[in-house]
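**Student:** Got a structure for you, written out below as structure tokens; questions coming shortly.
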Amino acid sequence: MARHDQSFQVREADNYRADLPKVQVHLLDGGHFVLDICAGEATERIRAFLDKR
């Protein structure tokens, strides 16, 4: 999720955590198109997630 997203609120991450106790939620410092702003950080987190599977 992105901290400055106009479509989703940061507090919505708690809903994911409530429904999916093992979920990993990372708040990146970007907007709705987080890959345009935080591509490096997002890519690192995605790769780390996939490497565990």
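The values are calculated or read from the model by the stated rules, or taken from the named source; none is laboratory data. Please read all numbers here as calculations on a predicted model, not as lab measurements. Counting neighbours? That spans all protein chains shown, and the Cβs are built from the backbone with ideal geometry, glycine included.
**Student:** State whether one or more residues within the range 8-20 are touching a strand residue (DSSP E or B) at 6+ places or on another chain (Cβ under 9 Å) and surrounded by 10 or more Cβ atoms within 10 Å (Cβ to Cβ). Don't jump to the end; show me each part of the working.
**Tutor:** Quick first cut of the range 8-20, residues touching a strand residue (DSSP E or B) at 6+ places or on another chain (Cβ under 9 Å) only: 8, 10.
From what's left, surrounded by 10 or more Cβ atoms within 10 Å (Cβ to Cβ): 8, 10.
Yes: the range 8-20 contains one or more residues that are touching a strand residue (DSSP E or B) at 6+ places or on another chain (Cβ under 9 Å) and surrounded by 10 or more Cβ atoms within 10 Å (Cβ to Cβ).
**Student:** Right, next: Among the residues of the range 21-53, which ones are touching a helix residue (DSSP H, G or I) at 6+ places or on another chain (Cβ under 7 Å) and assigned to a helix (DSSP H, G or I)?
**Tutor:** Selection gives VAL34, LEU35, ALA42.
**Student:** Mind listing whichever residues of the range 1-33 are of a type in the set (Val, Ile, Thr) and at pLDDT below 85?
**Tutor:** Narrowing the range 1-33 to residues of a type in the set (Val, Ile, Thr): 10, 23, 25.
Hit for the range 1-33 is VAL10, nothing else.
**Student:** Would you tally the residues in the range 1-20 being part of a helix (DSSP H, G or I) and among the polar types (S, T, N, Q)?
**Tutor:** At the first step, the residues of the range 1-20 found to be part of a helix (DSSP H, G or I) are 10-19.
Of the ones still in play, those that are also among the polar types (S, T, N, Q) are 15.
Final tally of qualifying residues: 1.
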